[in-house]
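A quick write-up on the structure given underneath.
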Amino acid sequence: MKEYADAEYSSGLYKDYVSAVALKYATFKKRAELIRQRIGSGRLLDVGCSSGFFLETALQYGFDAHGIEFSKVAIALAKPEIRERITHGDINAWTGDYKQKFDVIVAFDIIEHAQNPLHFLQNLRKMLSPEGWLVLTTPDTGHFLRYLMRSHWPMLQPLQHTYLFSKKAMRRTLDITGFTNIHVQNANKTLSLEYLMGQIRLNNPLLSKIYRTFSLLLPKAIQKKPFSVNIGEMFVFSQNSNLKSSQD
């Protein structure tokens, strides 16, 4: 898995990811605002933090933010002042020396890659303070785009996404691993037509051809204009607490 991740981070796909930094920061700013509104601030761990874009944003929002990432390539691409806050390692096999628990753990687009989601969540619980919060995003198999696009839905990536969840299944999985106060909502990302179609091109050549034809009629400024959209993901809050679970 590590070798696969390093290869992906070295590929053109991740270079596209890095080239869309402004879009990433816009997405992460909104997520940091949501987290601060619901939870407040505190000590935060970003699991699978990549090159530290959200970690940097969390610091700006007053969190004592740290990250863990198992790709050395991704860590090397982080800003020096952010890189020093990133630990190299795999959370699924983590035996590190974080002496302090975390008030918030975020795992954006990570659980779908886990070989054992239950074990993954149990590991995260061990690192949370007694009433700390887990915040995650993951594809939503109940989203209408899954039914509209069928096998071309971008979230269907057999080599990368080993487990996918509906909102109901995600609530149940968190509940049986000891999380409570579970709230699930749609997860928006800030994208542009140019970036979105660049990603779709990898999974749906037909749509890409249609877009290329259509794009001849669109000014570049419109193709690059950012907008917020849900492309088939959920945003989940859950608490490590003995309080009775309430599901929204």
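Please report ASP103, ASP90, ASP46, ASP140 as a ranked list, fewest other C-beta atoms within 10 angstrom at the top and most at the bottom.
Details: ASP103 19, ASP90 14, ASP46 30, ASP140 26.
By the 10 Å Cβ count, ascending, the order reads ASP90, ASP103, ASP140, ASP46.
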- Around SER129, which amide H atoms from residues at least 5 apart in sequence, or from another chain, sit under 5 Å from its own amide H, with H modelled in the peptide plane? PHE102, ASP103
- If the cut-off is a Cα-Cα distance under 17 Å, which lysines reach LYS189, setting aside same-chain residues fewer than 8 apart in sequence? LYS24, LYS29, LYS30, LYS224, LYS225
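Add +1 for every Lys or Arg and -1 for every Asp or Glu among the other residues with Cβ under 15 Å from the Cβ of THR177, and state the total. Don't jump to the answer; show the numbers that get you there.
Details: positive: ARG125, LYS126, ARG171, ARG172; negative: ASP175.
My count for the surroundings of THR177 gives +3.
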- Message: Once you order the gyration tensor axes a ≥ b ≥ c over the Cα atoms, which shape class does the range 19-129 get: rounded for a/c under 1.5, otherwise prolate or oblate by comparing a/b with b/c?
- Response: rounded
- Proxy reagent accessibility, fewest Cβ within 10 Å first, across LEU45, LEU136, LEU121: LEU121, LEU136, LEU45
- Query: Going by how many other beta carbons lie within 10 Å of each one, how would you line up VAL184, VAL104, fewest first?
  - Reply: VAL184, VAL104
- For VAL106, distant residues with modelled amide H under 5 Å away: LEU45, ASP46, VAL47, VAL135
- Item | Nearby lysines by direct alpha-carbon distance to LYS99 (threshold 18 angstrom, same-chain neighbours under 8 apart not counted) | LYS126
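Where a number appears in this text, it was derived from the coordinates with a stated rule and is not lab data. Predicted model, so just to flag it, every value in this text is computed and none were measured. All Cβ positions, glycine included, derive from the backbone under ideal geometry; neighbour counts span all protein chains shown.
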